1. Within 22 Å of N53 (Cβ to Cβ) and free of Cβ contacts under 8 Å to residues at least 40 places away in the same chain: does that describe P159?
2. For V86, indicate whether it is under 23 Å from the mean Cα position of the chain (by Cα), crowded, with 20+ Cβ neighbours inside 10 Å and either in the same structural domain as L112 (by TED's automatic domain parsing) or part of a helix (DSSP H, G or I) (or both).
3. Tell me which residues, restricted to segment 347-366, are of a type in the set (A, V, I, L, M) and closer than 15 Å to N280 by Cβ.
4. Among the helices (runs of 4 or more DSSP H) lying completely within segment 398-497, list those that include at least 2 residues that are among the charged types (D, E, K, R) and touching a helix residue (DSSP H, G or I) at 6+ places or on another chain (Cβ under 9 Å).
5. Residues that are surrounded by 15 or more Cβ atoms within 10 Å (Cβ to Cβ), of a type outside the set (S, T, Y) and modelled with pLDDT under 75: which helices (runs of 4 or more DSSP H) entirely in segment 216-305 hold 1 or more of them?
6. Would you say R470 is buried (at least 18 other Cβ atoms within 10 Å of the Cβ) and of a type in the set (K, R)?
7. Out of everything in segment 172-215 that is of a type in the set (K, R) and at pLDDT 95 or above, what residue ends up being nearest to V488 (Cα to Cα)?
8. Among what's in segment 27-54 and is polar (S, T, N, Q) and either at pLDDT below 95 or outside any helix (DSSP H, G or I) (or both), pick the residue that is nearest to the chain's Cα centre (by Cα).
Amino acid sequence: MNLLLLHPTPGLKRQRPYYRAALKIQERTGHKVIMAYNGPVIPDLGSDIPVYNFNAWVKPNRERIAATDILELEKKYPASNLWLAVVAERRVTNYSLLHGSYPTLRYDYEELIFLLKALVLFYEEIIRKHDIKVIFAHHPDNIHSSLLFEMALSNQTLPLLMFPDYYWDNHCYFLFDDKYFTSSTLTKCYQDNLADYDQRVKPLEAEIREYIARRVEEDPSEKRRDILPRLGLMNNAVNAFKTIRRQDLKFYVRKPEVVEGFGQVCLPTSIWSFLRRSVNLIRNRMSRIYATQLPTGPFVYFPLQRVPEAAMLSRATAYLNQQGVAQALSAALPAGFKLVIKDHPRSVGVHPPEYYAKLLELPNVIVMQATYPNARIFAKTALVVTIAGTLGFQRLLQGKPVVMFGRKFYECMEGVIRVADMNDLPYVMKRILVQGEVPEREAMRKSVYCFIGALLMNRYLSNQDLFKLRMDSDALGSLMSEMIEREVPGLLEAINR
């Protein structure tokens, strides 16, 4: 079996550790490993295994790329939508509509089409030349990884990503096999647990209860300030200073050509986004529109997703306009209920006060301060509605149902209520909130125990957190090798059936 290992983010200085990890995987598993990366060419990569650099490949292939018809490529991949890879790349398009508060290099349509064609042809060539079956494609929140996940829907390659338990155990990892951060192995294990609860789950009940208690009691935004810091004027300035000091990035005075600019810094764009965030932070801090007390009557909680991020750009494209989703929810609530909205802690400063003031034009909407604890809201809310947030999983662990619009790893659980048609949303909310039509409590409890059991059975433990792991080639290679040996044969067999 031949495997492609992708390093899509040039500004993180991980190319050499990834290369050594690729050698480790090849040595341990016996599978042939090929590596691809983009950005500046790194000397001495490729002496032991094939290594491809996207930027270097584009230079001699520009005429071929320009002559290729993008519509013919779309036809070539009938089950894929190649443009979604462009949507996922927050550095070159602004699908989050942030008005300059994120340093997006906005390229015109022709430039984006050229980049997309180049990427398809580049990875086509590697996959065909080396008969690639498996791709470790990194997180699908950049154009390289997202494109490989889309192409896999048509060419029967197996894309994989290594996902950490960010908020509660950063030394615990899972192997996911689609762009929605879901796992075929995990879902099947959950279903097997439901079918044979006494033999598979009952012996783990004590460990499961401990797992649930810890995650119900702790608010991720309070526990993991290193991952979910609240952006303020000081750390906004510190982040900008750290970026300027980095020696692994190229700094451009003018917007770079679309192929060269990925993951690099255009100074005017970055300065402008820094100023916009700073102004937003000051104005939000001075604004009096945010509530500090929850309503006394019944309410539904809608936590906003972080933007720009994979949760929206890759997994919930239909719900990118969160103001529109809030508007639909406000209109769908039964009379007597209010809608409480709170922004993601890492999105503070992204939107100006006018963004939230627009929501307050809806008569039953309350916007809480971003610092208001989720635990207090959970204690009083009648229902949590999420696009694709981790808070939905935390609510399920409390034995409460969740309405979810997007997709997430816990989507298979009892208690996740999906809305297939947004026109049905008012009647779904009526049945839940007024008529009490929710899954049975015992069915939800059993589902939670079976799902946590599946998480425990399918986790991978490391002595390194994610940030250190990606720089430790031995630990990274060993962990990926373990994932490949344990899960890939079964996943490939399912694809070939």
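The values are calculated or read from the model by the stated rules, or taken from the named source; none is laboratory data. All values reported here derive from a predicted model rather than from experimental measurement. When we count neighbours, we look across all protein chains shown, and the Cβ atoms used for this are built from the backbone with ideal geometry, even at glycine.
1. Here the answer is yes, as P159 does meet what is asked.
2. Against the criterion (under 23 Å from the mean Cα position of the chain (by Cα), crowded, with 20+ Cβ neighbours inside 10 Å and either in the same structural domain as L112 (by TED's automatic domain parsing) or part of a helix (DSSP H, G or I) (or both)), V86 qualifies.
3. Once the filter is applied, which keeps residues that are of a type in the set (A, V, I, L, M) and closer than 15 Å to N280 by Cβ, segment 347-366 yields V348, V350, A357.
4. 473-496
5. Numbers: elements: 220-223, 233-245, 267-286.
Per the criteria, 220-223, 233-245.
6. So R470 passes the test.
7. Kept after step one, since they are of a type in the set (K, R), are these residues of segment 172-215: 179, 188, 200, 202, 209, 214-215.
Then keep just the ones that are at pLDDT 95 or above; that gives 188, 200, 202, 209.
On the way: K188: 14, R200: 23, K202: 28, R209: 30 Å.
For segment 172-215, the residue satisfying everything is K188.
8. Taking the candidates together, the pick is N38.
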